[in-house]
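Working notes for the structure below.
Each reported figure results from applying straightforward, stated rules to the coordinates on display, with no laboratory input. As the structure is a prediction and not an experimental result, all values here were calculated from the model. Positions of Cβ are backbone-derived with ideal geometry, glycine not excepted, and every protein chain shown enters the neighbour counts.
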Amino acid sequence: MSRPVVFYAPHADDETLNMGITIAEHVAASRPTYVVLMTRGRLTSALQAINGEIYSGYWKGYHNPSFEGYEPLTKDTLAQARVTEFHHACTQLGVPRENQFVEYLDNPSKEETLEYDEAKAIIRKYIIMFPDADHYTLSYHDVHPDHAHVGQALLDLYNEGEINYYVRFIISMATRMQLESKGDPIPGGGWKDTPTDSTIQQKLINACRCYSAWAPLLGAYAIGYHSVAGQFEKLLDNPFHYLHQPNE
């Protein structure tokens, strides 16, 4: 049997937007593939957009929950909806439900951001659970501190000898767009992971659809697209991820 591979997604949508092609490829290669969601996504401007408090660039207007027939979201109901989007998207990528794990590093009883020490402890938990696994997450070069903390934690665990096999880092779409806008190089040479066939590409498309579904009465609020619609559109227009090796 092939060795397992574990992907760490700091937030719901990272597994699709920033890792979806790579995840689907590992599934297609019959590798036991696991995805760990590190937070429940309580902190996002999508909350205010869906509640009609700010203009929604995705909706091209202001929501009116009362008129549209749904209750304004709280951080808790938003988190529940984001986790649901995550599960649906992972399933479209081919990851079985039992291989999808949800942590809670944005617990309101503590700081709601994803800190380095917390990320390191969670990754170590899965290293112990899957001692012969490869591990993937977003790059420690990332512009988002939550992403960078997970990347740095994975890098340090690798450099400290706690991981027996491979680690790889993925450049998030947000980081890629910032680097491209400045004309800066992609860290580590930025090799591309592109869909190997139309089946992989269709899985990616279907996973993205899970983040654009709008059916409030059914608990679907298109949170991913209310948050970063432009990033999804850029990915679908030209689907690939940049990856790099550790210490690059």
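Observations on the model:
- Scoring 71-81, 178-188 by mean Cβ neighbours within 10 Å over their residues and listing the highest first yields 71-81, 178-188.
- The chain, helix-only ellipticity at 222 nm - DSSP H runs n ≥ 4, -39,500 (n - 2.57), divided by all residues, nearest 500: -13000 deg cm²/dmol
- The lysine pair tally for the chain, using Cα distances under 24 Å and a gap of 8 or more places or different chains, is 10.
- When peptides 4-11, 214-221 are sorted by average Cβ neighbour count within 10 Å, with the highest value leading, the order is 4-11, 214-221.
- Summing Lys and Arg as +1 and Asp and Glu as -1 over all other residues whose Cβ lies under 14 Å from the Cβ of Arg124 gives a net charge of -4.
- Couplings 3J(HN,Hα) of the range 20-25, computed from phi: x, 4, 5, 4, 4, 5 Hz, in residue order, whole Hz [Karplus 6.51 cos²θ - 1.76 cosθ + 1.60, θ = phi - 60°; x for Gly and Pro].
- Whole-number percent relative contact order across the chain, with pairs defined as alpha carbons under 8 Å at least 6 apart: 27
- Neighbours of Ile200, meaning other residues whose beta-carbon lies under 11 angstrom from its beta-carbon, give a summed charge of -2 when Lys and Arg score +1 and Asp and Glu score -1.
- Ordering of 112-120, 12-20 by packing [mean C-beta count within 10 Å, highest first]: 12-20, 112-120
- Hydrodynamic radius of the range 149-238 per Kirkwood, over alpha carbon pairs, in Å: 15.9
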